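Beneath this line is the structure, given in structure tokens, with notes to follow.
The values are calculated or read from the model by the stated rules, or taken from the named source; none is laboratory data. What you see is a predicted model; the values in this text were computed from it and never measured. Positions of Cβ are generated from backbone atoms using ideal geometry, with glycine treated the same way; all protein chains shown enter the neighbour counts.
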Amino acid sequence: MIRARLSVVARAMAVVCMAATAMSAVPPAFAQTEVWNHNIFGPPRAVTAGIEAIAEFYKKESNGKLEIKIAYGAALGPERQAPESIKSRGYEGAQMCAGYYPNKFPLLSAMELPFLAPRRTEDRAKVDQAVLNHPLIVKEMAERWNIKYLGPTFLPAYEFMGNKRIASASDMKGVKMRISGLNAKALQNFGAVPTMVTAPEGYTALERGTIDSFGFPYAYTFGAYKMYEVSKYVTEGMAMSGFMCFQGVSLDAWKKLPDALKAKLPQAQALATAALLKAYKDADEKWIPVFKEKLEVTPFPEAERAKLAEGANAIWEEWVKEQEAAGRPGREILNFIKAESAKYK
């Protein structure tokens, strides 16, 4: 009997020792709450639904030990300086768009080439995910900025809202149009005058006439930034490519996470994708009727869109030439994006 009791005690002590050993082996990230400060330009809106879903997911999965603290309105610093701020450890993460930083994400900028990515938002989401996980893009982010892709920020196709009526390619002549640099080249062929300002600067730019027509993902951004208050017209049917955006995090911060949480990233990204698609759909249902009531909707015929797209291949090839001249594998990335996009066209 005594031996039996001793055996039970011994087993119990062994369990306690094993538990203590396991607890002592928990990575430091679990020792105290880890806070990632995450910079977002602009207010909470449809496009922020993705990072909000990721923040909620990781808070739950870490039992509250990982907090992604979102700072809206670029409260942590100017959006144009996000890569530098993450690299210098000013904050851990941010929403970034390649077009805001010329030459800072050179290979990733291929996703901003005109008429290259799919038109449907659901398809664009899949291509974005594939590109952001491509080894060359992973390397570019890591080596240049010590950044890891955290979550999707794919955007719907772009339309134009402003104070110039645009219903054909010829209507763009002399019009000051806001669109990313690479997409701008397709419009320049028809006399447009590309002028780059960030999203938060858009309302004032339209109001003051610095911009005649503002390119934005349709429809949520026009509503979120109240562009319709200072506009007369909105296009329907241009469906242009725009910025290549994503949520990034410092590799230093990422490496501190336990492997179990790292392994959950695909699940977090899938939740973010679903949240974004729902948010965009809800925004369309809310804002498109408002635009139709307050503005003149100018259909942009498919034949006119085809005119814009005619020169796209030359722009793609010019981009490849520039990348290859700088020693970067532009051809490889372009061919990859074309192959991925072809799956959905």
**Study point:** Unique residue being touching a residue at least 40 places away in the same chain (Cβ under 8 Å), of a type in the set (A, V, I, L, M) and on the phi < 0 side of the Ramachandran plot when the list is Ala184, Ala219, Ala192
**Key:** Ala219
Check your understanding: In the range 322-344, which residue that is polar (S, T, N, Q) and touching a helix residue (DSSP H, G or I) at 6+ places or on another chain (Cβ under 8 Å) is nearest to Lys139 (Cα to Cα)?
Key -> Gln323
Point to revise | Failed item in (1) in contact with a strand residue (DSSP E or B) (Cβ under 6 Å, 6 or more places away or on another chain); (2) more than 16 Å from Glu112 (Cβ to Cβ); (3) among the small types (Gly, Ala, Ser), with Gly242 passing the rest | key: (2)
Check your understanding: Taking the stated definitions as given, is Phe160 modelled with pLDDT of 95 or more and part of a loop (DSSP other than H, G, I, E, B)?
Key -> no
Practice item. Filter the range 115-125 down to residues that are charged (D, E, K, R) and surrounded by 18 or more Cβ atoms within 10 Å (Cβ to Cβ), then give me how many there are. Key: 1
Review point. Could you say whether any residue in the range 93-106 is touching a His at 6+ places or on another chain (Cβ under 7 Å), in contact (Cβ under 8 Å) with a residue 12 or more places away in the chain and crowded, with 22+ Cβ neighbours inside 10 Å?
Key: yes
Check your understanding: Is there any pair with a first residue in the range 24-49 that is modelled with pLDDT of 80 or more and outside any helix (DSSP H, G or I) and a second that is surrounded by fewer than 19 Cβ atoms within 10 Å (Cβ to Cβ) and among the hydrophobic types (A, V, I, L, M, F, W, C) whose Cβ atoms are under 6 Å apart and which are 6 or more apart or on different chains, and what are they?
Key -> Asn39/Ala71
Exercise for review: Using the structure shown, decide if Leu182 is over 30 Å from Lys255 (Cβ atoms) and of a type in the set (A, V, I, L, M).
Suggested key: yes
Review point. Would the range 186-195 turn up any residue that is of a type in the set (Gly, Ala, Ser), over 25 Å from Glu304 (Cβ atoms) and either at pLDDT 95 or above or not in a strand (DSSP E or B) (or both)?
Key: no
Practice item. Sort out which residues of the range 113-136 are in a helix (DSSP H, G or I) and in contact with a strand residue (DSSP E or B) (Cβ under 8 Å, 6 or more places away or on another chain), and write them in order of number. Key: Ala125, Asp128, Gln129, Leu132
Exercise for review: Determine if the range 203-212 includes at least one residue that is farther than 29 Å from Pro106 by Cα, in contact with a Lys or Arg (Cβ under 7 Å, 6 or more places away or on another chain) and not in a helix (DSSP H, G or I).
Suggested key: no
Review point. If you take the residues of the range 133-174 that are without any contact (Cβ under 8 Å) to a residue 12 or more places away in the chain and closer than 28 Å to Ala274 by Cβ, which of them is surrounded by the most Cβ atoms within 10 Å (Cβ to Cβ)?
Key: Val138
Review point. When you go through (1) in contact with a Cys (Cβ under 8 Å, 6 or more places away or on another chain); (2) on the phi > 0 side of the Ramachandran plot one by one for Phe154, which number turns out not to apply?
Key: (2)
